[in-house]
Structure formats: structure tokens, C-alpha cells
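Visitor: Sharing a structure, written as C-alpha cells. Questions coming.
Derivation of every value follows stated rules applied to the coordinates shown; laboratory data play no part. Keep in mind the model is a prediction, meaning the values are calculated, not measured. Here Cβ is always computed from backbone atoms with ideal geometry, including for glycine, and neighbour counts include all displayed protein chains.
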Amino acid sequence: MNNSSPADASVGATAGSPADIPDGAPSHCATTVYVPRDSAARSVGADEVAAALQRAATRGDFAVDVVRNGSRGMLWLEPMVEVATPRGRVGYGPVTPEDVDGLLAAGLLDGADHPLRLGLVDELPWLARQNRVTFARVGVIDPLSPRDYVEHGGLAGLRAALALAPADVVAEVTESGLRGRGGAGFPAGIKWKTVLECADELKFVCCNADEGDSGTFADRMVMEGDPFLLIEGMTIAAHAVGASEGYLYIRSEYPDAIATMREAIELARGQGWLGKGVLGSALDFDLHVRVGAGAYICGEETSMLESLEGKRGMVRAKPPIPAIEGLFGKPTVVNNVLTLTTVPTVLANGAKAYQDLGVGRSRGTQVFQLGGNIARGGIVETAFGITLRELIEEYGGGTHTGRPVRTVQVGGPLGAYLPDSLFDLPMDYEAFAEAGAMLGHGGIVVFDDTVDMAAQARFAMEFCAEESCGKCTPCRVGSVRGVEVIDKIVAGTHRDENLALLEDLCDLMTDGSLCAMGGLTPMPVRSALTHFSDDFHGGRRLLEIQPVNATGVRTEGTA
Amino acid sequence: MTTSGSDVTVESVVRRVVADHRGQRGALLPALHAVQAELGHVPQEAVPVLADELNLSRADVHGVVTFYHDFRREPAGRTTVRICRAEACQALGADRLVSYAREAGLTLGETTPDGSVTVEQVFCLGNCALGPSVEANGRLYGRVGPARLGSILNGTV
């Protein structure tokens, strides 16, 4: 792994307050060029582009400071290079290493014209129309520069929180209407209040960064692009509930996020943002990164706690709830990355400002993640209430393959597959629940008209069988039976009887499973049956799809 | 990566690794990750040593090693390639990558007899807007078609 980090004079500084952070700006007149270090950008060549820029600078007579920022979330434009100019940051993308010399010759460092020039990044409509709260700094700053963090408003929330009594911090979070962004949407303030009211000496704050749902990558991007924000959010939670230790459980599939968070924690300790007497207050709080080991179920909060304790990630029966008996039996706040990274804003700007965004009981902003077969995939942070159609068509620009959109799965592998007739649904927890769907973590996966929905329903059951922790029978056995029954339906074996059996199996899994793994697996299955019943009558893929386009997908090297 | 068939070496590595993690709460997972990082897998001989060092039963340790997909009981190939098969990558043709690997004689979850390549499936690498995604020896690749997968498998990318 080549996780290069830019030279930064403030790295390793031990000053106690941000005012003491030495100026990290270079003294010569180098032009600052930003090349993302986000792993999505790296997956399409960002490291090679950064290296080509460095090489050109070494050869040529111009001076360049390459800053490895996070990604702005316009992922179809990655690697997106930005150049700091007097008018603002000018973007170019997607840039390949082979483009670099031509870009420099065309006047890249002055923000000059070029076929890859995108214009002033802050004014790009895709970005300018959003309401970036949690993602305000992601892609803008050097993620591992404490100085950048503070200059861009970092720590304001923590300072505000430390000036308040814990109960007042909890009240502020409750007042804001912030609901857990991990999927369940439980009010964060109520969870925190429960932990605060427990009398134990030892309490924990655990951040669930086991972002295993397909179509979700916002946690990863915020950890890679603004790691101090998560540290700040967890520290505020610690002050609010009286916790002294924090654990950040990151999935092993995210090596860049793990490395970035570990480095950020070291830096934060050096700045006095973690450890004894945080920011000169009476708060003692330290934070540890723990790495998962490839188990989807550990995204379920009680499984995650078992895993943190060094055990198999088996779901616990609730009650007791983790707020009362959580990690090692102690009162524990368990929140998702996006919940905790929203908290600093709530404290910095006040509950009212956050409350004013959104619709109904879905307050504030949600970080939607556009993925799958989509032309313009990436991060869209807007207030709740935007429709799915606006996200898919206006932001997403339809499919990557250019074929019609057939369905969209919202909320991860346990979320519903929605047809076009439901695309005008507002993004709102309650509206989705009413439509038999869930907003979950805000992940949106687009499929074109080549998708076989019986195959997708079968996959939902197969995934559950593969990833079930095995503790409860409806999930462990029901999912295996689900695969068998769907196979029979598709094969046309006693179709009506087997459809009735599948219906019954879905009821049983929904009602009888211990956690959301088995309990929600029926959601994608049922939605596929309800909205795409034709696909279960066999042969769709063979009869309809192949004559249209045998491959179906345009990708590199195959077009 | 240092692998050794010698029990003494496995035991000494495990005892040293555990010593580094003893102060941590719930040290078994971090210790297993460290053992695997050093030895390339978690050999059977490590289980009783971990149990002894961490005051756990052998059954507990065995249960944890076998529960998690990441922990290998056998060494992997020199190149480990993981193909994402989660929905977002499915939507862009991840199954064609799996077919390509199969046609090349590679079976998911297995290492080639010459020990050169292990191909596995993974459910979500967090690169859902730039799929299909593949990870090879810890490096993430986006927008991978069969031709590029071929280059990755051959080590030419």
C-alpha cells in the first residue's frame, strides 16, 4: 500500500492549542495542486497522477506542492486534480498520468484552458447545489493537517461542548433531531441520555465503522478525507455521557481508512485533542482503532461489541441494550460514523440550525451515496426530502451503460428494490417505511434493464446464508431454504405452492430473527416479487436480455 | 512473510505477538491479525498457544479463527485477488469477472497448485461508484473489465 501523505510542517507538532500550531505553509512560491488520496480515486490512478506531477516538477522549472486531499465525491471525475489559483480552485478530470505533461504545457498551474478543465470546483453545479454539512471539509483540506482542520472550522463543536455540562450537550443533540445514520434511525440524543444516566465509573464510546453494505462508502470517505472530524465527534460523545475510552471498529476491507485514522489519532494526541485533559478541560478520553476480520454481521451493533471483546461476532439478544450493558458489560454509546461526524456541527452551529433542515421527523442532511450502474456516482449531501428521481437522474445522470434504469436498491443488501413508479418518493425515514422500503445508510445502487430480479432476490438469500452469524434458526436455516425455494420458483416447479412457501418463509424470518440480518433479508426478496413478478416466471434473462445486448455492460477493455 | 513448519517458531512468534497485545482489552482479534501478518496464516499450532497466553479455551480460539473470513488456516498464494461480488459491482458486471477467472482455471476461494494465485470473492470494497472493483495484494482497482483482471492476475498491472 502506497499511502503517501504530504509533507506538513504541523505534523508531529506538540502544541497544546491550535494557536500554537506552527505555520505549515511553504515559504517558496510553489503552486498548490491537489490530487486525492481517497481510495476510490487511487483505484483509478490518483497515485500515478501525483507521481507524474512530482516527476514533471523535478524535471521542469516550476514549483509544485502536491497536497493529497480527500475526494470531493464526484467520483466519475476521479482522479480529479485541483489547482489553487487567485480565483479559487480550478478542477481538471478525470486525469491520467499520460495527461500530466500536456496539462502542464497548457498552463495547468494558472488554471488555464484544456479539454479536461472543469472550471472552479466550488461552482460546479453538482457540488454547488448540495448542502454539505458533514462533508464540508472532505476533499477541501489535507486530511492529516491539524492546522487545516482548525482553519476550516474544526474543533468549534468540541469547544462548545466542553463549555457545557454533559446533560446540556445531550439536550442539544436531542433537540437537533439527529437520528442514527447507521440505518435504524434511532434518535441519538435518547441513546446518549441513557448512557449518561448510568452510574458506572467506566463507560465506552464505540464507533461502528463496519460499513459492509454494498452501495455505501460515505463512512470510508469521511474517515479518509476528514479523520479529525470523527475524533472530534467521538470526543464530544465521551464528554456528553462520561466515557473515558473509545473504540473505532473499522472493517478490514478499508485499509486506507484504517491507516488514516491511526495516523490522525496519533496526531490528535500530539495536539492535546485526545488523552488527559482534552483541550485543557477536565475530560480524559483516549481512542483506539480495532480492525474487523471480514464478517458482515459485525456491522450489527451487538455483534460488533462481541467482536471488540475478542469473540465470534454473534448477535446478542436485546435487552439489555448496549447503552446500559454494552462493551465488556459497561454502558456504551454505539453510533455510526456519519452520526458521530454530524455531532460537531450540531454543537458548533446549535440544534436549531440543524433542525431547520429536512422534512417531518427526518431532520438535517443525509449523505446519499450513488453507486452501481450510474453515470455520475459519488456523494450527494442534501437535506432529507429530496426525491430518489432527482438523485438518480439529475445528480446521477442515469446509468453508466446508457440503458434505461430498471430498479434501484436503497439502503444496502437488506434494502428494497424499487421500481420507477416509486422514484418520486421523498427521502424520508417514514415515507420509505410506508412504502415497504428503508432509507438505511443512504446507499443507492442503480441497475439497468438487463438486471434479473429473481437472481437479485436469490442473491439476497444467498448473502444472508453466507453472512449469518448462525445464532438464530430463522436467519441461519431460513436463508438456505430461501435460496432453494427461489430456485424452484424460477425453474417452474410447483410455482404457486413455492411462492406461498417463500411468502411464509419471509414472514418467519421477519418475525423470528434475532437481528436485522435475518429480519430484513425478506425486504429485497419481497420487493423484487412485488414489483418485478414477471422475472420469477423463468427465462427473462435468456428470452429478453441477451438479444438486446449480450454483455450488457460497458467497462474498460471490453467496450 | 516468514513461514516455517517448525512448531517452535510458530510458538515463539505467537508468544511475542501476544506480549505486544496483552494490555489491550479483548486482545484475541488484534493478536490473530498480527499472527497472520507475520506468518501469512493462522496455523493450527498457534491455537493452543493463543489459548494459553490469553487464558481462553482452545475451543474459544478455534471458534474465533473459523468464524471470520479473513483468518486463513492455510497460506495464501503469492498474489491474492479479491473480486467484489456485492450488488453495486453486480450491477456493472462483476459476474463476468468471476466467469473470466473460472475460465482461466481459477476457483474462488482456492489457491492454484503452484501457489502463485489465490482468488476470492469479497462483498463490498467501498468503491461502489467505480465498479466493478477488484483488490489485489492490498491494492484497490476500479472500473475493472475482464481484460484488466487478466493483467492483474498475470501481475502486469
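Visitor: Taking DSSP loops as anything outside H, G, I, E and B, show the longest stretch in chain A free of trypsin sites (Lys or Arg not before Pro) there with at most 13 other beta carbons within 10 Å.
Guide: Numbers: sites that count: A:Arg87, A:Arg129, A:Lys276, A:Arg361.
The answer is A:362-559.
Visitor: If you don't mind, another one. List the chymotrypsin sites (Phe, Trp or Tyr not before Pro) in segment A:61-127 that DSSP assigns to loop (not H, G, I, E or B) and whose Cβ has at most 14 other Cβ atoms within 10 Å. Which are they?
Guide: Hits after loop and neighbour filter: A:Phe62.
Visitor: Can you bin segment A:78-231 into rounded, prolate or oblate? Criterion: square roots of the alpha carbon gyration tensor eigenvalues sorted a ≥ b ≥ c, rounded for a/c under 1.5, prolate for a/b above b/c, oblate for the rest.
Guide: Prolate.
Visitor: Next question. Would you mind classifying segment A:39-135 by shape? Square roots of the alpha carbon gyration tensor eigenvalues, ordered a ≥ b ≥ c; an a/c under 1.5 is rounded, otherwise it is prolate if a/b is larger than b/c and oblate if not.
Guide: Working: a/c = 1.89, a/b = 1.43, b/c = 1.33.
Verdict is prolate for segment A:39-135.
Visitor: If you count the DSSP beta bridges with both ends in chain B, what percent of them are antiparallel, to the nearest 5? Can you show the working numbers first?
Guide: Numbers: 8 of 14 bridges.
Here the antiparallel bridges make up roughly 55 percent for chain B.
Visitor: Roughly what % antiparallel, to the nearest 5, for the DSSP beta bridges in chain A?
Guide: 55 percent
Visitor: Going by amide H atoms built from the backbone, whose H comes under 5 Å of the H on A:Arg290, apart from near neighbours?
Guide: Counting only residues 5 or more places away or on other chains, the set is A:Leu248, A:Tyr249, A:Ile250.
Visitor: When Rg is the radius of gyration of the Cα atoms in segment A:113-196 and Rh is its Kirkwood radius, what does Rg/Rh come to?
Guide: Ratio value, two decimals: 1.11.
Visitor: Based on the inverse mean of 1/r over its pairs of different Cα atoms, what is the Kirkwood hydrodynamic radius of segment B:79-157, in Å? Working shown, then result.
Guide: On the way: mean 1/r = 0.0829 Å⁻¹.
Taking the inverse mean of 1/r over all distinct Cα pairs, segment B:79-157 comes out at 12.1 Å.
Visitor: Where a ≥ b ≥ c are the square roots of the eigenvalues of the C-alpha gyration tensor, would you call segment A:426-465 rounded, which needs a/c under 1.5, or, failing that, prolate if a/b is larger than b/c, or oblate?
Guide: In terms of gyration-tensor shape, prolate.
Visitor: Give me, ordered by chain and number, the residues 5 or more places off A:Val44 or on other chains with an amide H under 5 Å from its own placed amide H.
Guide: Amide H neighbours of A:Val44, under 5 Å, 5+ apart: B:Gly142.
Visitor: Hey, got the Cα dimensions of chain B along the principal axes, in Å, largest first?
Guide: 48, 32, 24
Visitor: Further question on the same structure: Among all lysine pairs in chain A that are eight or more places apart or on different chains, how many have alpha carbons less than 18 angstrom apart?
Guide: Close lysine pairs under the 18 Å cut-off: 11.
Visitor: Could you compute the net charge surrounding A:Gly177? Neighbours are other residues with a C-beta less than 15 Å from the C-beta of A:Gly177; K and R count +1, D and E count -1.
Guide: Cβ neighbours under 15 Å give a net charge of +2.
Visitor: Excluding A:Glu462 itself, calculate the net charge of residues whose Cβ lies under 11 Å from the Cβ of A:Glu462, where each Lys or Arg counts +1 and each Asp or Glu counts -1.
Guide: Summing Lys and Arg as +1 and Asp and Glu as -1 gives -2.
Visitor: Can I ask one more? Can you check how the C-alpha radius of gyration of segment A:304-426 compares to 2.2 N^0.38 Å, as a plain ratio?
Guide: Details: Rg = 18.6 Å, N = 123, 2.2 N^0.38 = 13.7 Å.
It is 1.36.
Visitor: Would you please report the Å³ per residue occupied by the convex hull of the alpha carbon atoms in chain A?
Guide: 142 Å³
Visitor: Debye calculation, C-alpha points only, no solvent: report log10 I(q)/I(0) for segment B:49-115 at q = 0.25 Å⁻¹, in the same order as the q values.
Guide: Per q value, in the given order, log10 I(q)/I(0) is -1.09.
Visitor: Using a 4.7 Å cut-off between beta carbons, which cysteines in chain B end up with no partner cysteine at all?
Guide: Here B:Cys124, B:Cys128 come out as lacking a disulfide-compatible partner, given the Cβ-Cβ threshold of under 4.7 Å.
Visitor: Then there is this: Which residues' amide hydrogens lie under 5 Å from the amide hydrogen of A:Tyr417, considering only partners 5 or more residues apart or on another chain, with H built in the peptide plane?
Guide: A:Ser527, A:Ala528
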